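Take a look at the structure set out below.
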Amino acid sequence: MFSPAARHSDERCIKLGCRFYISMFPGVVIATTVNNMAHEDNHRIQRSKRVFINNVDIYASNYIGKFLSASYIGSTLEEATDDFEEEDLSPRNPGQQKVKPGGYKIVGTIRDQSDSKKCIYTSEEYHQLDRNKLLKQMLECDVIIYNITEYADQIEEASWAVKALHEKMDTFFSPKTFILVSTVMTWALSKPVDALDLAIPFTDEDYRRRRPHPSFKQHINAEKLVVKLGKTKSSQFSTYVVASGLQYGMGEQVFHFFFKASWLGEIPKVPIFGEASALPTIHINDLASVILNLIDHKPMQQYIVAVDDSYNTNEDIVKTISSTLGPGRTAVVPAEEAFLVRELTQTYIDLLSVNLRFEAVFIKERLNIRWVSEAGLIENIEHVVEEYKQTRGLLPIRICVLGPPAVGKSTIAQKICRHYKLHHVRLRDTISETIAHLESLIHVDNPDEESADMASGAQEQLDTLKDNMEQNGGRLDDQYVIKIIRDKLKSKPCQNQGFVLDGFPKTYDQAKELFNGKIEPEDMPRSYLSVFVVEFIFPLDATDAFLKDRVLHLPEKEVEGSSYTRERFPHRLSNYRDNNTEDETVLNYFDELNIQAESFEITSVDDMDYLVVTERIVKRVGPSQNYGPTTKELQEAERTRTEARLKKEAEQKAEMERLEAEEAAQREARWEEWSRQLEEVKRQENELLEEQSLPLRSYLTQHVMPTLTQGLIECCGTRPYDPIDFLAEYLLQNNPDVE
């Protein structure tokens, strides 16, 4: 270590040296200094801010983090303009460089453990940190955001976090901001502003009068704590509570069930649970914009209500979603039926039952919000639906399978439809469906005025179709066929999931009229003018001999009443070949649209299930852009697996019983064989003994038995005290050999 005197001496020497250098080379030094200052000024970058967000892998936290990561510090302090672009931040004149703004570095916790990062915009992610480590991470951040709108277990953690940070605020190197994202459910039981006029909305300044829903009492306690701790030393530790309306947009959250039900179209009517009630809502990106404004502006007001300008009811919202994404059929059902829907949690059910009106005065007058959906969900439904489809990856797949009759178009189309959950569009079936639909519109019980008008129009259309079919021997002119197919392709199911167009169009002119014909403005919205133009073309082909041989070997039940009879099939095949000459085919039209076809030559009779062709088509189309299996499909798959397992177990049990029976029978047979052989051995042994004992018996009969018999008789007559000794003595005395 240098002494103060020595350090002072060194500094003096350095100053003298600098002065000498400047006096010797003044131009060089001044130019160098100016250049360095300009260089530093041109490259000044504002320090980025580190933002902590809890549960960045769930809906609200995820999109808030994503929004902030794409923003820069101080962006909301500028005057909002409609044509604002990020490129405007870069200098137009190299000699007049601006200070480059800093961004937001996002870190946070994740709810579910994963081997890979959940969010592409996060710098760091933590899973189940202990409180000490979690606090250490938050102390390194400039902004701490806690979202308690989705999981109640985060309320206690948020309360601990704000208290722990408040205790440490004297050690902060720079001011910190704590933002609690709460819910308007803490207002659910608030008394109206005016009991005589229930339509008067609440404002931010009414927050002291709020009364929570019974399930959200912990939320309001956390809100009060955050507001209280922010009053101590706001210059060092500022706190805010954002009471968020029901969030919508992007992939959807509380309204997802209604979007999904409308998009899938699997239930006859989308349910509206309970009576109509006003739902305060906000787009998730608008909520993120409110939070960004609080970080930039640091207003004095601590409690902010974040809602859009709409006063839409649950009934209006569900009807709008259903009519935009689906057929528009809804039904009001008892509120209790919501508990039967697996996708609706208790929190979602509570949110959907709230009845509140707000006017977000503060965010409209004091903040600089670049609104995505200021007017609400209904007014911006087209944009919200497009976000929903893009975020969820629910994009329609439109396929056309062409080829001669009997080549296997319908079989392949059905397999593709099952794999991708698409709609199979066949000409004959579509015409039958159209006629059946028109007849259903005509035969309506107790029709109202609107139904009567629809019935009249349907009757006129039906008469036109039937007259044309009578004039053409049961067939329709191209103009009617094309209109029917176009209406089918424009239907909501085909727009949502997609379709496989089976064997149509058959000619170049039909294709041109179907996909490029004149469309009246009222016929369909401008955004859907090309919604049914196919993306993938798969022409199939085979030799005439192959096709004729295949038809000859079809089962009689498939041929009877169809166009595959021996008289009609050659004519159909000939017409197909005539309509698809090299000069003018359907494929020529798709080539003009730059839609590349992938052809398949059918040559094998061994692959009648078309597994190879289907596999190649699936590889070409790519992964499914649909929801996974539905609850019904999962239950059906589980039932199928259970049946297969029980069947396998029964088969195994039967096989085991059969084997045991066979083994028992074999064991019984072996036992009988062994017993028979044993008896035979005993018989043979007895015979052998009998044969071998014959000389001995002869000797006993001749020489022993006479003397022994006489001795026994004597013994019986004498009755001695010891018969054995008597008999032995008798045999010794009367032994013939001894004599």
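The values are calculated or read from the model by the stated rules, or taken from the named source; none is laboratory data. None of these values were measured; they are calculated from a predicted model. Cβ: placed from backbone, ideal geometry, glycine included. Neighbour counts: every protein chain shown.
Of the residues that make up segment 185-198, is at least one basic (Lys, Arg), assigned by TED's automatic domain parsing to the domain that holds SER238, surrounded by fewer than 20 Cβ atoms within 10 Å (Cβ to Cβ) and closer than 27 Å to PHE362 by Cα?
First, pick out the residues of segment 185-198 that are basic (Lys, Arg): 191.
Those left that are additionally assigned by TED's automatic domain parsing to the domain that holds SER238: 191.
Next cut, surrounded by fewer than 20 Cβ atoms within 10 Å (Cβ to Cβ) only: 191.
So of that shortlist, the ones also closer than 27 Å to PHE362 by Cα come out as 191.
Scanning segment 185-198 turns up at least one residue that is basic (Lys, Arg), assigned by TED's automatic domain parsing to the domain that holds SER238, surrounded by fewer than 20 Cβ atoms within 10 Å (Cβ to Cβ) and closer than 27 Å to PHE362 by Cα.
Taking (1) within 38 Å of the chain's Cα centre (by Cα); (2) within 20 Å of TYR311 (Cβ to Cβ) in turn, LYS260 satisfies each apart from (2). Restricted to helices (runs of 4 or more DSSP H) entirely inside segment 442-537, those with at least 1 residues that are more than 15 Å from SER432 (Cα to Cα) and modelled with pLDDT under 85 are 449-471, 508-516.
Determine whether THR430 is polar (S, T, N, Q), under 35 Å from the mean Cα position of the chain (by Cα) and within 30 Å of SER604 (Cβ to Cβ). So THR430 does not fit the description; no. Filtering segment 470-482 to residues that are in contact with a helix residue (DSSP H, G or I) (Cβ under 9 Å, 6 or more places away or on another chain) and not hydroxyl-bearing (Ser, Thr, Tyr) leaves ARG475, LEU476, ASP477, ASP478, GLN479, VAL481, ILE482.
Here's the yes/no breakdown for (1) over 19 Å from ASP502 (Cα atoms); (2) crowded, with 18+ Cβ neighbours inside 10 Å; (3) without any contact (Cβ under 8 Å) to a residue 12 or more places away in the chain; (4) among the polar types (S, T, N, Q):
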| residue | (1), (2), (3), (4) |
| --- | --- |
| HIS383 | yes, no, yes, no |
| GLY403 | no, yes, no, no |
| ALA452 | yes, no, yes, no |
| GLN459 | yes, no, no, yes |
| ASP463 | yes, no, yes, no |
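Counting only residues that are in a loop (DSSP other than H, G, I, E, B) and either under 30 Å from the mean Cα position of the chain (by Cα) or crowded, with 24+ Cβ neighbours inside 10 Å (or both), segment 142-184 holds 5 of them. Restricting attention to segment 125-143, the residues that are over 12 Å from ASN55 (Cα atoms) and in contact (Cβ under 8 Å) with a residue 24 or more places away in the chain add up to 10. The residue that is nearest to GLN390 (Cα to Cα), among those in segment 592-634 that are modelled with pLDDT under 80 and more than 19 Å from the chain's Cα centre (by Cα), is ASP609.
Quick one: is LEU229 under 26 Å from GLN137 (Cβ atoms) and of a type outside the set (Ser, Thr, Tyr)?
yes
For first residues located in segment 350-372 and among the basic types (Lys, Arg) and at pLDDT 90 or above, partners that are assigned to a loop (DSSP other than H, G, I, E, B) and buried (at least 17 other Cβ atoms within 10 Å of the Cβ) and lie 6+ apart or on another chain with Cβ distances below 6 Å form the pairs ARG357/PRO201; ARG357/TYR311. Only one entry in SER373, SER432, SER410 is in contact with a strand residue (DSSP E or B) (Cβ under 8 Å, 6 or more places away or on another chain), part of a helix (DSSP H, G or I) and either in the same structural domain as GLU315 (by TED's automatic domain parsing) or within 30 Å of LYS506 (Cα to Cα) (or both), namely SER410.
Considering the conditions (1) farther than 30 Å from THR345 by Cα; (2) part of a strand (DSSP E or B), GLU125 is excluded by exactly one of them, (1). Checking each residue in segment 395-411 for being within 26 Å of the chain's Cα centre (by Cα), of a type in the set (A, V, I, L, M) and at pLDDT 90 or above picks out ILE397, ILE399. So, of the residues in segment 260-280 that are in contact (Cβ under 8 Å) with a residue 40 or more places away in the chain and among the aliphatic types (A, V, I, L, M), which turns out to be surrounded by the fewest Cβ atoms within 10 Å (Cβ to Cβ)? Selected residue: ALA276. Look at (1) under 26 Å from PHE237 (Cα atoms); (2) of a type outside the set (A, V, I, L, M, F, W, C); (3) outside any helix (DSSP H, G or I); (4) in contact with a Leu (Cβ under 9 Å, 6 or more places away or on another chain) and you find that PRO192 fails only one, number (1).
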